[in-house]
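All remarks here apply to the structure that follows.
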Amino acid sequence: MVNNQLINPKSIVVVGGTDNIQSPGGKVLKNIIDGNYKGDLYVVNLKQESVQGIKSFKSPEELPEVDLAILAIPAKFCVPTVEVLTKQKNTKAFIILSAGFSEENEEGAALENQIVELINNVNGCLIGPNCVGFLNSNYNGVFTTPIPKLDPKGIDFVSGSGATAVFIMEAAIPKGLTFASLYSVGNSAQMGVEEVVKYWDESFDPTSSSKVKLIYIESINKPKMLLKHASSLIRKGCKIAAIKSGSSEAGSRAASSHTGALASSDVAVNALFKKAGIVRCFGREELASVASIFMHKELKGKNVAIITHAGGPAVMLTDALSNGGLEIPHIEGSKADELTEKLFPGSSVANPIDFLATGTAEQLGTIIDYCENYFDNIDAMVVIFGSPGLFNVSEVYKVLNEKMKTCKKPIYPSLPSIINAKDEIDEFIEMGRINFSDEVVLGNALTKVFNTQAPTPENFDIPTVNKENIRKIIDQANNGYLSPEKVQELLDAAGITRAGEAVVSSKEDAVKEAYNLGFPIVMKVVGPVHKSDVGGVVLNVKDAETVEKEFDRMMQIKDTTAILMQPMLSGTELFVGAKHEDKFGHMVLCGLGGIFIEVLKDVNAGLAPLCKDEAIDMIHNLKSYGIIKGARGQEGINEKAFTEIVQRVSALVTVAPEIFEMDLNPLLGNKDKVVAVDARIRIEKN
């Protein structure tokens, strides 16, 4: 895995280095030279004694010992080269730029496996193959451009796609963002995105490490590793934003439960990112903008002052911030009046603070001072200042830079005149600043960062369940759906409140149990998946004659094996479910139940195990939360009981990972209690 020979090699060889800087081998060598690499640099080239002024060897066997090898040769030559370097030259770090491996065919995959085995045998480190390389402040080990400005406190960036890494840097660099490192992991033969995040976590130094991490990933192969180390980094004070691409599905797979239909792998990704505290982005510009927010002081409250000399951008920014849950509070009072007197006539300080197109650098400084020192209802400032091209705005940007140094409240600069004020913006960025050229992009990024919650605590209490009984039921069960009796036993063992019920297979028992349960009752078929679709649910049965009649009818429904009988209860229909997602573990979902789950699809998901705050948050963030809370005079639902059931389902699937899908639908909730009325549990032990 990541080692010092990769991070800070004392010597590097480029195998396949050439004078042709339009080839990977030539360009990576040029980038290393241009980056003023301080160690010993070698080349292996069969035909030349010198390449780009660097001594060249005819074969790897002729090399002295070397820390890091960068390979830019055909795939078929990589295995013997790695073998020589690992066994004879004490090389323990490799960057393989070459393609033609597992991404191409089985033969390439076999070569890739041989390389990994050779490198693992010496506890070495491999980036790639099929990647653009690695860079940090020690050397530019990539064959692409642009080379970003490097700063140990800049961004650490890992990407599963080399081309995308280049494009993301192209989006970031013009904003003024700097980088501490870039890992392009390519095929991730030995080390993928997850291993890089693990290294960031385990090597983190609060005084010297970057605290901003960016991730581009197409396939999360080790979600538990990613969750563990990303959340650990964020608890240590880091900020992480990520793009996980491939979120759409061409078609939804057939599923035998509501949970199965609603819980896709992308739902699991969202749940993982939320649990870890990662800001999820969906495009390059958004990722770069979120990273830019990270590089500023942290926003501690919801209230933002918009300082502008142009009305339109301020209105658009107000919309973006307000739609994202931030506030632009009205500014008034004696200090507001005092500030107004210091500005040109016609200016407004109500918020947005508009100091007109003729506003000066001195006035901007004054406005910022008042927002910092006198307006307690302001938590941050956005300064919008462009140029019509009539005069130089350098003085304005110098004042802005100085105020950003001294103010405790964050200040976000939106300097939109990337043509008219290009030189002045370039000067501003050279001061170490970052520019948001589009105020709406800034607003959307700021709200996304502000609304991303902290990671789940590392340790938390979960409800106590009867593990012994749960394991006994699961161990004795076969794959497939559990019988209603076993479902009842599992719910009881998990402490999930359920309605009284009976399963009957004869008319006589049906009448007997109806009297035991007490009229009115509900009758449901046992067997068919979607009971209501086949006429397999009868409500409000009030007498024995109806019980007999409906029993005869329902037993004729296809796939019916018995009849489930329950007392007729009232309340709002709710839903809690769980589904095992490959590699991620169990997702737990909740929302409104009954037909609403299919019509509204208003559900939230979390990864088990869930802490109490996660369960509460899942409920509070439902679009239908107003119904749960009690809307327009209607009685609400006992949220404490609903929260506990969400947590108990989480605890159940944690003890019984063989539960593949689980539906509690509906639960009936009122102000006093929440009761499971119908449940299905599917077991998969493979």
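Annotations
- Here the Debye sum runs over all C-alpha atoms of the stretch 304-451 as equal scatterers in vacuum, and log10 of I(q)/I(0) at q = 0.09, 0.16, 0.19, 0.20 Å⁻¹ comes out as -0.24, -0.81, -1.18, -1.32.
- Isotropically averaged projected area of the stretch 500-568, using the convex hull of Cα atoms (one quarter of hull area), nm²: 3.8
- For the stretch 477-492, backbone phi angles converted through the Karplus equation (6.51, -1.76, 1.60; θ = phi - 60°) give residue-by-residue couplings of 7, 8, 4, x, 7, 6, 5, x, 4, 5, 4, 4, 5, 5, 4, 5 Hz, Gly and Pro being listed as x.
- Under-5 Å amide H pairs with VAL44, H placed in peptide plane, nonlocal only: VAL14, VAL15, GLY16, GLY17, PHE57
- Enclosing the Cα atoms of the chain in their convex hull gives a volume equal to 187 cubic angstrom per residue.
- Evaluating 6.51 cos²θ - 1.76 cosθ + 1.60 at θ = phi - 60° for every residue in the stretch 637-651, the Karplus couplings come out as 10, 5, 5, 4, 5, 5, 4, 5, 5, 4, 5, 6, 5, 4, 5 Hz, glycine and proline recorded as x.
- Most to least packed among 548-560, 78-90 [average Cβ atoms within 10 Å]: 78-90, 548-560
- Calculated P(r) of the stretch 4-127 - Cα pairs past 22 Å, %: 29
- Computed FRET value (nearest 0.05) for LYS472 with LYS153, which takes r as the C-beta separation and R₀ as 56 Å: 0.50
- In Hz, Karplus ³J(HN,Hα) per residue of the stretch 556-573 (6.51, -1.76, 1.60; θ = phi - 60°; x = Gly, Pro): 7, 6, 3, 6, 6, 10, 6, 10, 9, 10, 9, x, 6, 10, 10, x, 7, 6
- Paramagnetic label zone (point 7 Å from Cα along Cα-to-C-beta, VAL599; backbone N under 19 Å) in the stretch 609-631: 622-631
- The stretch 304-451 - percent relative contact order, Cα under 8 Å, separation 6 or more: 27
- Database remark: amide H of VAL66 closer than 5 angstrom to the amide H of THR91 (H placed geometrically; neighbours at sequence offset of 5 or more, or on other chains; Pro and chain starts carry no H).
- Scanning residues 5 or more positions from TYR183 or on other chains, those with amide H under 5 Å from its amide H are PHE157, VAL158, SER159, with H placed 1.01 Å from N in the peptide plane.
- Packing here is the average count of other Cβ atoms within 10 Å per residue, and on that basis the peptides 11-19, 639-647, highest first, run 11-19, 639-647.
- The Cα atoms of the stretch 109-188 cover 42, 22, 16 Å along the three principal axes, with the biggest extent listed first.
- Alpha carbon centroid spacing (whole Å) that separates the stretch 557-611 from the stretch 213-229: 28
- Inter-centroid distance (Cα atoms) of the stretch 1-43 relative to the stretch 121-197, Å: 14
- Distance from the C-alpha centroid of the stretch 442-497 to that of the stretch 630-686: 9 Å, rounded to the whole angstrom.
- Placing a label point 7 Å from the Cα of GLU684 along the Cα-to-Cβ direction, the residues of the stretch 647-665 with a backbone N closer than 18 Å are 653-664.
- Segments 159-171, 191-203 sorted - mean Cβ within 10 Å per residue, highest first: 191-203, 159-171
Quick note: the coordinates plus some simple rules give every number you see, no bench work behind them. Keep in mind that what you see is a predicted model, and the values were worked out from it rather than measured. Ideal geometry is used to build each Cβ from the backbone, glycine not excepted, and the neighbour counts take in all protein chains shown.
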